[in-house]
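Asker: Quick one: this structure, given as structure tokens, is what I'll be asking you about.
The values are calculated or read from the model by the stated rules, or taken from the named source; none is laboratory data. A quick note: this is a predicted structure, and the numbers were derived from the prediction, not measured. Backbone-built Cβ (ideal geometry, glycine too); neighbour counts: all protein chains shown. When the accessible area is computed, the model is the full protein with side chains, heavy atoms only, and any ligands, DNA or RNA have been set aside. Shrake-Rupley method; radii C 1.70, N 1.55, O 1.52, S 1.80 Å.
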Amino acid sequence: MEIEEALILAAILIGGMFIVWYRRSRAYRTELERRLKAEIEARRALELALLDPLTGLANRRHFEEIFHAAAERGLITKHALILLDLNDFKPVNDVYGHPIGDEVLRVISMRLNNAVKQNDLVSRLGGDEFSVIVFEVHSAEAASEVAQRLMEIVAEPVAVSGKLLNVSASIGYTLFPNEGQSPPEIYARADQALYVAKTNKHERRAIHR
């Protein structure tokens with residue numbers, strides 16, 4: 001009888017330990033799933049806040065945050081702000097439809113991102129407007145080389161749904177930070193250069209201001 005009672009008691013203890021372990025394990029899994037879900041939701045919220053949903057590039061908000069930080073007065077290191085608009089893009093949407101136009105934008109975005117350094121920032125500001133911040137540029141000539149390279153890769157034909165489409169880009173750029181100039185003033189310089197480039201887009205050259 002004593003042996004049987006001991007076995008019963010051991011069984012009860014083991015059963016109790018198993019129940020406690022199971023409950024703790026279940027609570028741990030529930031907490032882990034909750035944390036993972038919260039992390040995924042936070043990541044999605046961050047992507048919505050900082051990334052362009054169509055191309056995956058930085059959006060205008062993200063661009064402005066980085067640009068304003070890089071354009072802080074008193075910094076010695078020079079960077080280049082490149083503004084880029086696509087030419088002849090509206091006819092793509094008008095003739096082939098917006099799904100084809102969206103695919104062209106995705107291809108162009110990927111080309112731009114692959115054509116610059118890993119830490120440079122390529123952004124889609126809206127529509128067919130893009131910006132590139134090229135960090136640590138030592139001269140206008142170096143910035144010009146990057147701008148011309150971007151212009152050339154945009155001009156390469158885009159194959160979409162069995163069609164070979166052609167677009168080009170107008171590019172204006174400036175170096176910053178400049179002494180006494182605020183981020184809006186720096187942006188305005190690049191925008192003025194872009195305006196000149198678009199006015200003379202047949203020349204197919206980037207304009208510096």
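Asker: Fully extended, how many nm does the chain gain between R149 and I76 (0.36 nm per residue separation, minus their Cα-Cα distance)? Please list the in-between numbers first.
Answerer: Values: separation 73, 0.36 × 73 = 26.28 nm, distance 2.58 nm.
Result: 23.7 nm gained on full extension.
Asker: Turning to a different aspect of this structure: What is the mean projected area of the alpha carbon convex hull for segment 167-209, to one decimal in square nanometres?
Answerer: That works out to 3.0 nm², a quarter of the Cα hull's surface.
Asker: So if we plug the beta-carbon distance of R209 and H138 into 1/(1 + (r/R0)^6) with R0 = 25 Å, what FRET efficiency do we get, rounded to 0.05?
Answerer: Calculated transfer efficiency: 0.85.
Asker: To continue, here is another question. Counting only the heavy atoms of the protein chains, how much of S139 is accessible to a 1.4 Å probe, in Å² to the nearest 10?
Answerer: Answer for S139: close to 40 Å² accessible.
Asker: Between the DSSP loop rule and a limit of at most 15 other Cβ atoms within 10 Å, which trypsin sites (Lys or Arg not before Pro) in segment 52-153 are left? Display every interim value, and only then the final one.
Answerer: Values: sites: R60, R61, R73, K78, R106, R111, K117, R124, R149; in loops: R73, K78, K117.
Of the trypsin sites (Lys or Arg not before Pro), the ones in loops of segment 52-153 whose Cβ has at most 15 other Cβ atoms within 10 Å are R73, K117.
Asker: Please go through segment 93-136 and write out the GluC sites (Glu not before Pro) that DSSP classes as loop and that have at most 13 other C-beta atoms within 10 Å.
Answerer: Passing both the DSSP loop test and the Cβ count: E136.
Asker: Convert each backbone phi in segment 144-156 into a coupling constant with the Karplus relation 6.51 cos²θ - 1.76 cosθ + 1.60 (shift: θ = phi - 60°), then list the ³J(HN,Hα) values in order as whole Hz, x for Gly and Pro.
Answerer: Calculated HN-Hα couplings, in order: 4, 4, 5, 4, 5, 5, 4, 4, 5, 6, 5, 6, 5 Hz.
Asker: If you plug each phi of segment 81-97 into the Karplus form 6.51 cos²θ - 1.76 cosθ + 1.60 with θ = phi - 60°, what whole-Hz ³J(HN,Hα) values come out, in order, with x for Gly and Pro?
Answerer: 9, 10, 10, 9, 10, 7, 9, 6, 8, 4, x, 4, 5, 5, 8, 9, x
Asker: Let's test the formula: R0 of 25 Å, r as the Cβ-Cβ distance of E64 and H202. What FRET efficiency results, to the nearest 0.05?
Answerer: 0.20
Asker: Sticking with this one: Label points 7 Å out from Cα along the Cβ direction at A188 and K90: separation in nm?
Answerer: 2.7 nm
Asker: For segment 186-200, take each phi angle, set θ = phi - 60°, evaluate the Karplus expression 6.51 cos²θ - 1.76 cosθ + 1.60, and give the result in whole Hz per residue in order, putting x for glycine and proline.
Answerer: My calculation for segment 186-200 gives 5, 4, 4, 4, 5, 5, 5, 5, 5, 4, 4, 4, 5, 5, 10 Hz in order.
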